[in-house]
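All remarks here apply to the structure that follows.
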Amino acid sequence: MLRKSSVATVAGLGAVSATSASASATSFGLSELKAEGVVLESRDVSVPTDVRSGKRLLRRLAADGLLEEASLDVLPNQQFDENGQIHRTYTDGNKQIAFTTSTTRGRLQVSFGEEAIPSAALFPKDGGAVVLYTAPDGEEYRRFESDLTVSESDSEASADSCSGDNCDGCACEEDWCFVGRYKKKCNTCDDGECIITDSCGC
């Protein structure tokens with residue numbers, strides 16, 4: 001179901017490979033996300049610009065104390081970062097870029113997908129249900145516990161996150177995409193880290 005994409009250096013994004021993680025990198029911006037094809041254009045779907053760009057989601061995450069500020073600048077800007085990673089995956093042929101970062105409440109994933117508005121998932125530090133941030137109406141973000149769980153989730157993003165049985169399983173969750181109202185969320189190991197990928201059409 002999931003096919004990993006290349007992790008080669010992408011100069012325009014400042015993403016670097018594991019062997020050159022010490023190289024300088026610039027922050028991701030909306031133009032870079034658009035260039036990678038993971039920000040919906042207005043011709044694809046009618047949603048507010050700040051929803052499509054992720055700004056509304058980032059504001060909600062900052063208001064909930066999960067990000068220091070509502071900016072892509074606080075997320076990792078390299079393939080591997082001391083506090084997280086950047087994942088490029090394909091689910092059912094659709095691109096997704098997921099940023100992971102450590103928070104005091106667990107590991108946070110912020111995702112931009114080719115066929116969905118931006119979303120986020122919090123892997124609780126002490127295990128339990130994964131908390132999703134989605135906008136079912138295409139406008140207002142809501143926080144709710146999903147049917148996906150993790151048995152133990154580090155506050156640090158590391159290879160340990162994929163040990164044992166804490167990174168498998170799928171569930172249909174309330175979400176929003178331009179071909180339907182529900183998405184299939186799946187825990188998947190990618191580059192040693194447990195992340196959530198999704199596909200429309202539950």
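The values are calculated or read from the model by the stated rules, or taken from the named source; none is laboratory data. Just so it is clear, the model here is predicted, and its values are computed rather than measured. All Cβ positions, even for glycine, are placed from backbone atoms using ideal geometry, and neighbour counts span all protein chains on display. The accessibility values were calculated without ligands, DNA or RNA, using every heavy atom of the protein model including side chains. Shrake-Rupley method; radii C 1.70, N 1.55, O 1.52, S 1.80 Å.
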Could you say whether any residue in segment 140-154 is open to solvent by less than 10 Å² (accessible area, probe 1.4 Å), at pLDDT 90 or above, among the small types (Gly, Ala, Ser) and closer than 18 Å to THR188 by Cβ? no
Going by the structure shown, is GLY113 under 23 Å from SER146 (Cβ atoms) and outside the structural domain of TYR182 (by the TED database)? yes
Could you tell me which residue of segment 96-121 is surrounded by the most Cβ atoms within 10 Å (Cβ to Cβ), considering only residues that are among the charged types (D, E, K, R) and over 15 Å from LYS183 (Cβ atoms)? ARG107
Starting from segment 39-50, take each residue that is acidic (Asp, Glu) and list its partners that are modelled with pLDDT of 70 or more, counting only C-beta distances under 7 angstrom and pairs at least six apart or across chains. ASP44/PHE178; ASP50/ARG56
Any idea which residue in segment 159-185 is modelled with the highest pLDDT, counting only those that are polar (S, T, N, Q) and open to solvent by less than 30 Å² (accessible area, probe 1.4 Å)? ASN166
Keeping to segment 84-112, report how many residues are within 14 Å of PHE123 (Cα to Cα) and among the polar types (S, T, N, Q). 7
Taking segment 122-137 and keeping residues under 18 Å from CYS172 (Cβ atoms) and open to solvent by less than 20 Å² (accessible area, probe 1.4 Å) leaves VAL130, VAL131, LEU132, TYR133, THR134, ALA135, PRO136
Filter segment 47-73 down to residues that are outside any loop (DSSP other than H, G, I, E, B) and open to solvent by 40 Å² or more (accessible area, probe 1.4 Å), then give me how many there are. 7
